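Before any comments, here is the structure.
What follows draws every value from the coordinates through simple rules; no lab data is involved. Small disclaimer: the values here were computed from a predicted structure and weren't measured. Positions of Cβ are generated from backbone atoms using ideal geometry, with glycine treated the same way; all protein chains shown enter the neighbour counts.
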Amino acid sequence: MSRHTGPNCRFCRREGAKLFLKGERCNLEKCSFERRSYAPGQHGQGLRRKQSDYSVQLRAKQKLARLYGIREGQFRSYYKEASRVPGVSGENLLRLLERRLDNIVYRLGFAPSRKAARQLVRHNHIVVNGKRVNIPSYLTRMGDVVQVAERSRQLEAIHESLRRSRETVPWLAIDKVNLTGTVAEVPGREDIPTVAEEQLVIEFYSRV
């Protein structure tokens, strides 16, 4: 999946589900998916053919990759890593995706979407264990402390995002006053609110 520069709402319509790629806008009535929940394109409202197993698996893979904003080559690398370590490969894959720094920044509420979180990381607004990290794909570990850099603590975008209600995850400890979060533990599948069919993703890569 190459770098996408077009409308993000097309992804939600194509996958038939809200991926919350545009933050708070996705909760408003003007959300494109609310107004046009059918697939984009000339034949988006046409009759759908019965999907093959391959097609179902491909859609599950595309949905998860687009949800986390990851390109195909990197996503395949995550699959290979998830398959190498002990445990259920699908759950391992989700844990890897959740450990990404941009996702941690999003889960902590410092950004309204993962895309906005990637921007914060790339622009040197985020510090991990006292050191500035500007790589969105940086994999955090249990015990890591993620915080907003001192010079960036007055950014209104961060405080506005924190004011919005957001589902919290139990494996992150959040200090909103000091704009700090800690990776308290390795999340179990039940602790990851991502709606995904991760086993279908594993099956997709297992056959190609």
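For the pair the range 101-137 / the range 154-208, the C-alpha centres are spaced 12 Å from each other.
Each residue of the range 124-129 was assigned a 3J(HN,Hα) from its phi angle through the Karplus expression (A = 6.51, B = -1.76, C = 1.60, θ = phi - 60°), giving 6, 9, 10, 10, 10, 6 Hz with x at Gly and Pro.
Modelled spin labels at MET142 and ARG189, positioned 7 Å past Cα toward Cβ, are 1.9 nm from each other. With the simple model of a label 7 Å out from the Cα in the direction of the Cβ, VAL169 to VAL85 spans 1.3 nm.
Hull volume per residue, based on the alpha-carbon atoms of the range 101-189 and their convex hull, is 88 Å³.
Dividing the C-alpha radius of gyration of the range 54-157 by 2.2 N^0.38 Å, with N its residue count, gives 1.15. Charge dipole (Cα centre; +1 on Lys/Arg Cβ, -1 on Asp/Glu Cβ; no other charges) of the range 101-189 amounts to roughly 240 debye. Stretching ARG153 away from ASN178 to a fully extended chain increases their span by 8.1 nm, per 0.36 nm per residue minus the current alpha-carbon distance.
For a label point 7 Å from the Cα of LEU58 along Cα→C-beta, name the residues of the range 80-99 whose backbone N is under 17 Å from it. Label zone hits: none.
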